[in-house]
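Below is one structure, written out as structure tokens; comments come after it.
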Amino acid sequence: MSSDRKTDERFLKRALEVARRGIALASPNPCVGAILVSDGGFVLGEAFHTYAGVKHAEVLAIEQAASKAKGSTLYINLEPCSHQGRTGPCADAVIAAGVRRVVACMPDPNPQVSGKGFERLRKAGIEVVAGMFEEQARTLNEAFAKYIRTKKPLVILKSAMTLDGKIAPPPDPKSTTPSGAGAATGGWITSESARAHVQQLRHQNDGIMVGVGTIIADDPLLTDRTEMARRRPLLRLVLDSRLRLPLTSRIVKTAQDDVLVFCSFAEEKKKQRLLEHGIRVEQVKVATREGYPDMKAIVERLGEMEISSLLIEGGALINWAALGSDIVDKIFLYYAPKILAGTGSVPFAAGAGFPRISDAAYVRNLRLHRFGEDFAVEGYLRDPYTDLPQEG
């Protein structure tokens, strides 16, 4: 098989597409797609990793190819592992199968592996080519990169707003309808296509978090409505300092061991009522004068639960709490070509704010996305592959 660049690009793109099938199925492990190709350009084996399946993608592809794997080229988005985990080293399996050449997008961000898998393959006489489509591969597994290095989830702050940074109109004191329910406020801020993309974001993450104020105002379900397969349900998290979560809310009514409330003050009667409705309640230390739960402690707890990615869809207070506590790694902000204006409209983030321009959260590596007339800004406050959050 010719090892020309076009051939490598074609099959490596396919490996990335196959790897994406593992989204929501592989966490807290990485999404990996592997394709074995013969000298004649025929696909001999193709597989992706799922956590429940245990076996890694390259091993599954080798099993499909059987003896035909000898002399083939392996296309894969992530370096084959070289250490003993739940399975044996995949680099050894590739060597034993007689694979002649490995073309990969990037090294494994796992410090136990990074570069060692490639080294082992080269020592065995296997040609290794790495670096094509690395940016796409890094984006695909950025949550894994953060989690494997810090044991904490990648935290994404998502919000939808007008061009002037408002997330809702002024609350109507006479209304008994949840203020964020589209029709109650005269319609949604963003378009249907933008809201459909939010569901894709939810599907890509292990958990979603809001404040109790959002539950009281909007009564959201906070579910993944893509209808795509998940290894475990989207964990629905509520920050509720004094356990004000209404028992009549939709999130309580639909709880099936997938709702967790973090509080600062756990009044036993309120806690017991929530427990009776299948809601998990955990108390964390207070971080602010207002009694808000400690955001850093929550992120650490989620890491202990093997939650590798968290999407925050909170209101103005939660948005500031997340930014102010320095837990946010990435933002995904949707904008509609609308202007609400007025001092009573709800801003994107409300709270003390950063005292100086030099202290402001700085967003890097910006990408713009279009959704009809709406657009979104995606960017990073921290690089999940290289930056570590400040302790304390």
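Structure notes:
- Enclosed volume per residue, in Å³, of the convex hull spanned by Cα atoms of the chain: 155
- Most tightly packed first, judged by the mean number of other beta-carbon atoms within 10 Å of their residues, the peptides 342-353, 105-116, 48-59 read 48-59, 105-116, 342-353.
- With only Cα atoms counted, the range 253-384 has Rg and Dmax values of 17.5, 49 Å.
- Cα centroid of the range 134-157 to Cα centroid of the range 59-98, whole Å: 24
- Charging the Cβ of each Asp and Glu at -1 and of each Lys and Arg at +1, and nothing else, the dipole of the chain about its Cα centre rounds to 320 debye.
- Taking every DSSP beta bridge that has both ends in the chain, the antiparallel portion is near 40%.
- Positive-end ranking of Thr139, Val43, Pro169 along the dipole of the chain, with charges on Cβ about the Cα centre, is headed by Val43.
- Here the range 1-75 is treated as a Stokes sphere of Kirkwood radius computed over C-alpha pairs; at 4 °C and 1.567 mPa s its diffusion coefficient rounds to 105 µm²/s.
- Within the listed set Ala97, Ala47, Ala196, the Gaussian network model of the chain (springs between alpha-carbon atoms below 10 Å) gives the highest mean-square fluctuation for Ala196.
- Electrostatic bookkeeping for Asp257 treats Lys and Arg as +1 and Asp and Glu as -1; over the other residues with beta carbon under 12 Å from its beta carbon, the sum is +2.
- Convex hull per residue volume in Å³, alpha carbons only, for the range 55-205: 174
- Segment Val286..Ser38, full-extension length gain: 83.3 nm, with 0.36 nm per residue of separation and the alpha-carbon distance subtracted.
- Counted over all Cα-Cα pairs of the range 221-320, pairs farther apart than 24 Å make up 21 percent.
- Fully extended contour minus Cα-Cα distance, from Glu192 to Glu135, at 0.36 nm per residue: 17.7 nm
- Computed from Cα positions, the angle between helix 5-19 and the longest principal axis of the chain comes to roughly 50 degrees.
- Length-normalised contact order for the range 233-392 - Cα pairs under 8 Å, 6+ apart - percent: 16
- The range 297-378, accessible area per residue, ligands and nucleic acids excluded (1.4 Å, Å²): 49
- Those lysines that a straight Cα-Cα span of less than 24 Å connects to Lys253, excepting residues fewer than 8 apart in one chain: Lys269, Lys270, Lys271
- Summarising the label geometry, the points placed 7 Å from Cα in the beta-carbon direction at Lys338 and Lys68 lie 5.5 nm from one another.
- Peptide ranges 237-244, 375-382 listed from the most packed, as the mean C-beta count within 10 angstrom indicates: 237-244, 375-382
- Within-15-Å neighbourhood charge of Gly165 [Cβ basis; K, R +1; D, E -1]: +1
The values are calculated or read from the model by the stated rules, or taken from the named source; none is laboratory data. Please read all numbers here as calculations on a predicted model, not as lab measurements. Cβ: placed from backbone, ideal geometry, glycine included. Neighbour counts: every protein chain shown. When the accessible area is computed, the model is the full protein with side chains, heavy atoms only, and any ligands, DNA or RNA have been set aside. Shrake-Rupley method; radii C 1.70, N 1.55, O 1.52, S 1.80 Å.
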